[in-house]
């Protein structure tokens, strides 16, 4: 199936909207934005999102101090610079990771 640039941009936009929902509605910080954790879906319904985040293994509830991760989280090529420097992971770091994926 042939994909267009517009479809790619829609999928990436839907992925960010899904991330926003996880963060605001679910109070979940994703912490592993990478090209391998974004999928472009076939559309079963007209209003279904074209892009989705998968793999919540490194995600963390915002109210929780504990995480299942035993080390710095994320895929190295896409980790935010401050996280690489040892700073705590916040939503802005995930947005920076989205930027690296898009580039």
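The values are calculated or read from the model by the stated rules, or taken from the named source; none is laboratory data. The model shown is predicted, which means the values in this text are computed figures rather than measured ones. Here the Cβ positions follow ideal geometry from the backbone for every residue, glycine too, while neighbour counts run over all protein chains shown.
Assorted remarks:
- Residues of the stretch 27-42 satisfying the condition of being farther than 23 Å from residue 100 by Cβ and either more than 15 Å from the chain's Cα centre (by Cα) or without any contact (Cβ under 8 Å) to a residue 24 or more places away in the chain (or both): 42
Here's the yes/no breakdown for (1) out of contact with any strand residue (DSSP E or B) (no Cβ under 8 Å at 6 or more places or on another chain); (2) more than 21 Å from residue 103 (Cβ to Cβ); (3) modelled with pLDDT of 85 or more:
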| position | (1), (2), (3) |
| --- | --- |
| 1 | yes, yes, no |
| 10 | no, no, yes |
| 44 | yes, yes, no |
| 48 | yes, yes, no |
| 57 | yes, yes, yes |
| 64 | yes, yes, no |
| 77 | yes, no, yes |
| 86 | yes, yes, yes |
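- Residues in the stretch 1-25 that are under 14 Å from the mean Cα position of the chain (by Cα) and loosely packed, with under 15 Cβ neighbours inside 10 Å: 5 in all.
- Just one of the listed residues (82, 96) is closer than 30 Å to residue 6 by Cα, modelled with pLDDT of 85 or more and outside any loop (DSSP other than H, G, I, E, B), namely 96.
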